[in-house]
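First up is the structure itself, then whatever we jot down about it.
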Amino acid sequence: MKLTMVGTGYVGLVTGVCFAESGNEVTCLDTDQRKIAMLEGGKSPIYEPGLDEMIVRNRKAGRLHFSTDKTTAYDEADAIFICVGTPSDEDGSADLQYVLKVAEDIAEALDRLGPDAPPKTVVVKSTVPVGTSHKVRDLIRSRTKVPFHIADNPEFLKEGDAINDFMKPDRVVCGVESEEAATLMRDLYDPFVRQGHPILVMDVRSAEMVKYASNAMLACKISFVNEIATLCEHYGANITAVREGMCADRRIGNQFLHPGLGYGGSCFPKDTLAVASMGREVGFPCRLNEAVHEVNQRQRDLFWSKIADELGEDLSGKTLAFWGVAFKPRTDDIREAPSVALMKRALAAGASVRAFDPVALENLAGDLPEATRVEDMYEVLDGADALVVCTEWNEFRTPDFSEMSRRLKAPMVFDGRNLYRRQAMADLGFVYLSVGRPAVRPASASAPA
Ligand code: NAD
């Protein structure tokens, strides 16, 4: 099948590459010439494990193309996947300008090809508020009489494990209005569900809602455990033990119930806000989802208070070192990353900020040039008054603690990911503060006044 991915970001690129891998001829279209030039040079503009090799392999096989030429990309495709961004607008609603612009371009292409061309299927893959795929359909219909099919096909991949998620999805969700679109989607996804996972075909509005409901649920679990973690701090309980006790209940399970700095990235923050906005739109406030967002933002404030309580509100002359910039491990995505929020607080309080991340430093340079980027996880500690751990990259899990002590001005660690054992840290001479667990200090150190 000939497919065009419109938008060659995290979703469009991974989807395009994986569809090429299963034998389709795929064009990944983008308006960003820099991205397309990089891809044509054989390099991925995003960090995603395994992606570079697949790009090279499928380009060599002649199945994968990158282009900024929308005429050819639209004209030749049997199915067009809309994979452009749907960022939060100022009021929290999803900004649909990119999706609707693509719809206009598609209408133009269909009209140019005329009614005798085989009908194309337009697939909305971006995460969109319920009713958006119908908006896309109606906009195209208002501009051309040429027939086409519409489908909504939300994407559930996780950055950092995106290829695996796409190649072996837990489920594929397709919202359709015609048998032709249902057949096309089944044909496309059949190779990915050989292990028996379902392709769920449903109406378009329900498919759109599945995506928001899923992300809202996962975000809710994160905010839930973070709220309990803070309660643990107030009552002298330890969230690690509480979590174990709670998660042993099979009805609860143990995924997405790790306390930390709250969720970030390009999906949960904007999707929770979009759910709340959908509620407001119809006069039904989504109280739970609003609270999930508030708890998430508060989590960063609470963590910052720990730093300020130890080091003072005015951090002039002080230096904070950060381990981890990406919003989670195995990605270079720093959109809505808690690390960036904390670095901004540190800079605003007068501190100097030094940061290390295995893959996300280049993105930090664009977003927060005031932060000093250091390419070595130990060197970044040189002369810092404390270390702040923001991302649970594997290399931070068992570091050389004596090297850390030697390099830091004072052995103090604020661990936003609960990576270390508290008693071990105290024994090693660290002042150690984490999330939902009592702070520990070496026997000689006293708590701040
Ligand atoms: P992204 O910002 O990484 O990529 C979007 C791309 O679309 C950009 O490269 C941009 O230049 C391009 N673009 C914009 N307008 C265009 C046009 N008219 N023609 C061609 N290209 C155009 O976005 P993303 O992270 O891939 O997310 C895309 C959608 O998928 C969003 O709705 C998001 O919520 C959803 N989603 C994202 C993830 C994720 O992990 N990132 C997972 C599931 C779903």
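Scan the range 331-352 for residues that are among the hydroxyl-bearing types (S, T, Y) and either over 30 Å from K158 (Cα atoms) or more than 16 Å from the ligand (Cβ to nearest atom) (or both) and the total you get is 2. Would you pick out the residues in the range 76-108 that are without any contact (Cβ under 8 Å) to a residue 24 or more places away in the chain and either surrounded by 18 or more Cβ atoms within 10 Å (Cβ to Cβ) or over 20 Å from the mean Cα position of the chain (by Cα) (or both)? Matches in the range 76-108: Q97, K101.
What about L231, is it aliphatic (A, V, I, L, M), surrounded by fewer than 14 Cβ atoms within 10 Å (Cβ to Cβ) and not in a helix (DSSP H, G or I)? Give the steps one after another, and end with the answer.
Values: aliphatic (A, V, I, L, M): yes; surrounded by fewer than 14 Cβ atoms within 10 Å (Cβ to Cβ): yes; not in a helix (DSSP H, G or I): no.
For L231, the condition - aliphatic (A, V, I, L, M), surrounded by fewer than 14 Cβ atoms within 10 Å (Cβ to Cβ) and not in a helix (DSSP H, G or I) - is not met.
Going through the range 126-153 one residue at a time, which ones are within 30 Å of the chain's Cα centre (by Cα), within 16 Å of A77 (Cα to Cα) and surrounded by fewer than 24 Cβ atoms within 10 Å (Cβ to Cβ)? If the condition is that a residue be within 30 Å of the chain's Cα centre (by Cα), within 16 Å of A77 (Cα to Cα) and surrounded by fewer than 24 Cβ atoms within 10 Å (Cβ to Cβ), then H149, I150 are the ones that fit. Looking only at residues of the range 51-75 that are more than 14 Å from the ligand (Cβ to nearest atom) and loosely packed, with under 14 Cβ neighbours inside 10 Å, we find that the one that is nearest to P115 (Cα to Cα) is G62. For the range 357-392, the tally of residues that are closer than 23 Å to H258 by Cα and surrounded by 23 or more Cβ atoms within 10 Å (Cβ to Cβ) stands at 7. If only residues of the range 276-306 that are among the hydrophobic types (A, V, I, L, M, F, W, C) and without any contact (Cβ under 8 Å) to a residue 24 or more places away in the chain are counted, the one that is surrounded by the most Cβ atoms within 10 Å (Cβ to Cβ) is C286. For the range 109-125, which positions are surrounded by fewer than 18 Cβ atoms within 10 Å (Cβ to Cβ) and assigned to a helix (DSSP H, G or I)? Across the range 109-125, the qualifying residues are D111, R112, L113.
When the range 341-364 is filtered for residues that are in contact with a strand residue (DSSP E or B) (Cβ under 6 Å, 6 or more places away or on another chain), of a type in the set (G, A, S) and not in a loop (DSSP other than H, G, I, E, B), the ones remaining, listed by number, are A346, S352, A355.
Yes or no: V176 in contact with a strand residue (DSSP E or B) (Cβ under 7 Å, 6 or more places away or on another chain) and buried (at least 16 other Cβ atoms within 10 Å of the Cβ)?
On the way: in contact with a strand residue (DSSP E or B) (Cβ under 7 Å, 6 or more places away or on another chain): yes; buried (at least 16 other Cβ atoms within 10 Å of the Cβ): yes.
So V176 passes the test.
The single residue among G253, G265 that is within 16 Å of the ligand (Cβ to nearest atom), at positive phi and either surrounded by fewer than 22 Cβ atoms within 10 Å (Cβ to Cβ) or not in a helix (DSSP H, G or I) (or both) turns out to be G265.
Given the options G324, G283, G279, G312, name the one that is in contact with a strand residue (DSSP E or B) (Cβ under 9 Å, 6 or more places away or on another chain) and small (G, A, S).
None of the others qualify; the one that does is G324.
Annotation note: of M1, M5, the sole residue that is modelled with pLDDT of 95 or more and either more than 23 Å from the chain's Cα centre (by Cα) or more than 15 Å from the ligand (Cβ to nearest atom) (or both) is M1. Quickly run through the range 76-97 and pick out the residues that are small (G, A, S) and either assigned to a loop (DSSP other than H, G, I, E, B) or within 15 Å of the ligand (Cβ to nearest atom) (or both). Those that are small (G, A, S) and either assigned to a loop (DSSP other than H, G, I, E, B) or within 15 Å of the ligand (Cβ to nearest atom) (or both): A77, G85, S88, G92, S93, A94. For first residues located in the range 13-42 and in a loop (DSSP other than H, G, I, E, B), partners that are within 9 Å of the ligand (Cβ to nearest atom) and among the polar types (S, T, N, Q) and lie 6+ apart or on another chain with Cβ distances below 9 Å form the pairs D30/T8; D30/T68; T31/T68; D32/T8; D32/T68.
Filter the range 393-409 down to residues that are surrounded by 14 or more Cβ atoms within 10 Å (Cβ to Cβ) and not basic (K, R) and give me whichever is nearest to G350 (Cα to Cα). Explain how you work it out, then say what you get.
As a first pass, look at the range 393-409 and keep what is surrounded by 14 or more Cβ atoms within 10 Å (Cβ to Cβ): 393, 396, 399, 401, 404-405, 407-409.
Narrowing further to those that are not basic (K, R): 393, 396, 399, 401, 404-405, 408.
Details: W393: 28, F396: 27, P399: 28, F401: 28, M404: 24, S405: 24, L408: 19 Å.
Once the filter is applied, the top-ranked residue is L408.
Scanning the range 287-323 for residues that are outside any helix (DSSP H, G or I) and either over 18 Å from V413 (Cβ atoms) or of a type in the set (K, R) (or both) returns E313, D314, S316, G317, K318. The condition of being within 21 Å of E180 (Cβ to Cβ) and within 14 Å of the ligand (Cβ to nearest atom) holds for D152.
Quick test for you: out of Y420, Y378, pick the one residue that is within 27 Å of I228 (Cα to Cα) and in contact with a Lys or Arg (Cβ under 9 Å, 6 or more places away or on another chain). Working first, answer last.
On the way: Y378 fails: within 27 Å of I228 (Cα to Cα).
The unique qualifying residue is Y420.
The values are calculated or read from the model by the stated rules, or taken from the named source; none is laboratory data. Being a predicted model, the structure only gives us computed values, none of them experimental. Note that each Cβ is placed from the backbone with ideal geometry, even for glycine, and that neighbours are counted across all protein chains shown.
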